[in-house]
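Below is one structure; the comments refer to it alone.
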């Protein structure tokens, strides 16, 4: 085997080995524990001696009063994040592409890119302070113009939209880089031809820039389908409260409460397994569409 790898490639393979071991131990190893979804699992008895009960855990979790709302919240929030997460970086990339002063362009890119590196623990604290109904900057501004304060993170009408806005704030700078890279691949002679035909900046954007970005837009749109059931556990967990369970509780937070808070490990595993199975379907469909529509390959 080492002869086939070659002496020059062997150090590179050895560098990958620790990461491969971590993936095997923490990502593939726990898959064996999914069997407890079909058991009346007991920590004392363990996996080997726990009673097998078939699909009863799945029937139980789907019979819970709030399960339907949780699934709807997950899909609804995820879909809004996907749409906003595509629209915001595209618009930002188009606007930055029009900036001709280099240091301003780079400065703006750095500022909008910075939140991507911050954890939701930090950003969650910032959001709580900014949106506080008593001392938050947003509600102080509302009070200044004579409006009543709004409890953004404690009102079911507002909470899902706060999740979407804060997610866009955190991630749109990172996604903008992808679209800026796509803009660099557009042939400059197309703009020159458009100018010769009398096209202004707006028509150049419509007829040259957007068509040039279309392949990457289609690719990012189709790949995002795999996140339909990923509404963002870290974000929701750091921002939600029992007051907004009705509109903000998602599958991941339900699994957390069932498993780690209530100790119903088998039921939590069943719900998590359901989410994983559906996600695999969406991921497979998204990669197939990306291949068919944008000639995207994963190898």
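Here are the numbers for the structure shown:
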item	result
Filtered residue count, the stretch 196-219, keeping only those that are modelled with pLDDT under 85 and surrounded by 19 or more Cβ atoms within 10 Å (Cβ to Cβ)	1
Considering residues of the stretch 28-41 that are touching a strand residue (DSSP E or B) at 6+ places or on another chain (Cβ under 8 Å) and under 12 Å from residue 265 (Cβ atoms) only, the residue surrounded by the most Cβ atoms within 10 Å (Cβ to Cβ)	39
Failed item, numbered, when residue 71 is tested on (1) under 30 Å from residue 269 (Cβ atoms); (2) in contact with a helix residue (DSSP H, G or I) (Cβ under 7 Å, 6 or more places away or on another chain); (3) modelled with pLDDT under 90	(3)
Options 119, 134, 175, 224; residue that is at pLDDT below 90 and closer than 23 Å to residue 249 by Cβ	224
Residue among 81, 45, 40 that is touching a residue at least 24 places away in the same chain (Cβ under 8 Å) and not assigned by TED's automatic domain parsing to the domain that holds residue 168	40
Exclusive hit being more than 30 Å from residue 55 (Cα to Cα), modelled with pLDDT of 90 or more, under 16 Å from the mean Cα position of the chain (by Cα) and in a helix (DSSP H, G or I), set 243, 235	235
Cβ pairs under 9 Å, 6+ apart, first in the stretch 164-191 and in the same structural domain as residue 205 (by TED's automatic domain parsing), second surrounded by fewer than 16 Cβ atoms within 10 Å (Cβ to Cβ) and outside any helix (DSSP H, G or I)	170/118
Residue 268, sole failed condition from (1) at pLDDT below 90; (2) part of a helix (DSSP H, G or I)	(1)
Some residue of the stretch 152-168 being more than 21 Å from residue 239 (Cα to Cα) and either crowded, with 17+ Cβ neighbours inside 10 Å or touching a helix residue (DSSP H, G or I) at 6+ places or on another chain (Cβ under 9 Å) (or both)	no
Residue identified as at pLDDT below 90, out of contact with any strand residue (DSSP E or B) (no Cβ under 7 Å at 6 or more places or on another chain), over 30 Å from residue 240 (Cα atoms) and assigned by TED's automatic domain parsing to the domain that holds residue 191 among 2, 103	103
Qualifying residue in the stretch 132-149 (condition: touching a residue at least 60 places away in the same chain (Cβ under 8 Å) and more than 23 Å from residue 293 (Cβ to Cβ))	no
Elements of type helices (runs of 4 or more DSSP H) contained in the stretch 43-142, each with 3 or more residues being crowded, with 16+ Cβ neighbours inside 10 Å and at negative phi	56-63, 67-97, 102-113, 120-130
Residue match in the stretch 151-165 (condition: under 23 Å from the mean Cα position of the chain (by Cα), in a helix (DSSP H, G or I) and farther than 30 Å from residue 245 by Cα)	no
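The values are calculated or read from the model by the stated rules, or taken from the named source; none is laboratory data. All values reported here derive from a predicted model rather than from experimental measurement. Here Cβ is always computed from backbone atoms with ideal geometry, including for glycine, and neighbour counts include all displayed protein chains.
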